[in-house]
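The values are calculated or read from the model by the stated rules, or taken from the named source; none is laboratory data. Keep in mind the model is a prediction, meaning the values are calculated, not measured. We place every Cβ from the backbone using ideal geometry, glycine too, and count neighbours over all the protein chains shown. Note: accessible area is taken over every heavy atom of the protein model, side chains too, but ligands, DNA and RNA are not part of it. Shrake-Rupley method; radii C 1.70, N 1.55, O 1.52, S 1.80 Å.
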Amino acid sequence: MTYIPDLSPYDYLPDTVPAGVEVLAVGWLDPGHDFPTADDDAGDDADADADTDVDPVFGRNLITLAADHFTAATRGVHGCRFRHLIEADFQYHAVYGTRVLFLGHAEIRVVTPDGRWLSAPTLVVHYIRDHGYRPPAEFVEAVTAMRVAPGDGGHRDGGAGARI
Ligand SMILES: [Zn+2]
């Protein structure tokens, strides 16, 4: 997987994007680059609980998107490259509540109110929950609204010769 700064043009799998659609990247993190975390906001509110400030609707929708609406699936799987307290801390099959997710082989795509797409690797679920990553407000809004980009499910985008 490749590092892409948040809200810069997405260009990882350009042939999975319909012509004329502007797609911005969210959550294409890499250990070589800093990323915003919940802790960054701690100074604003001394009593804030940084670990639990993910909006419950956003969190629940994000799980649903990764489980049921992933797209641009690839044959290969990319694991998280950040350090973990325990070596086995991150697994491709990750349990979140009642859902078992397969992470690292596809993307979540949602749409902003002005029609742009935001594309995040499914690993963004793990980044937010386990590494404190704070995605851009645009992404939180679109996920909370469950504005799923058309063509989700990982089946329709590729057609013949698709990398599934
Ligand atoms: Zn990790």
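Quick grid of which residues meet (1) among the charged types (D, E, K, R); (2) modelled with pLDDT under 95:
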| site | (1), (2) |
| --- | --- |
| D49 | yes, yes |
| D55 | yes, yes |
| R83 | yes, yes |
| I86 | no, yes |
| H93 | no, yes |
| V111 | no, no |
| R116 | yes, no |
| A137 | no, no |
| D157 | yes, yes |
(message) Filter the range 101-117 down to the residues that are under 16 Å from the mean Cα position of the chain (by Cα) and open to solvent by 30 Å² or more (accessible area, probe 1.4 Å) and list them by number.
(response) F102, R116
(request) Grab the strands (runs of 3 or more DSSP E) fully contained in the range 50-133, keeping just those with 2 or more residues being hydrophobic (A, V, I, L, M, F, W, C), away from the ligand (no atom under 16 Å from the Cβ) and within 26 Å of D39 (Cα to Cα). (result) 107-111
(request) Return yes or no: is A145 aliphatic (A, V, I, L, M), crowded, with 20+ Cβ neighbours inside 10 Å and modelled with pLDDT of 95 or more? (result) no
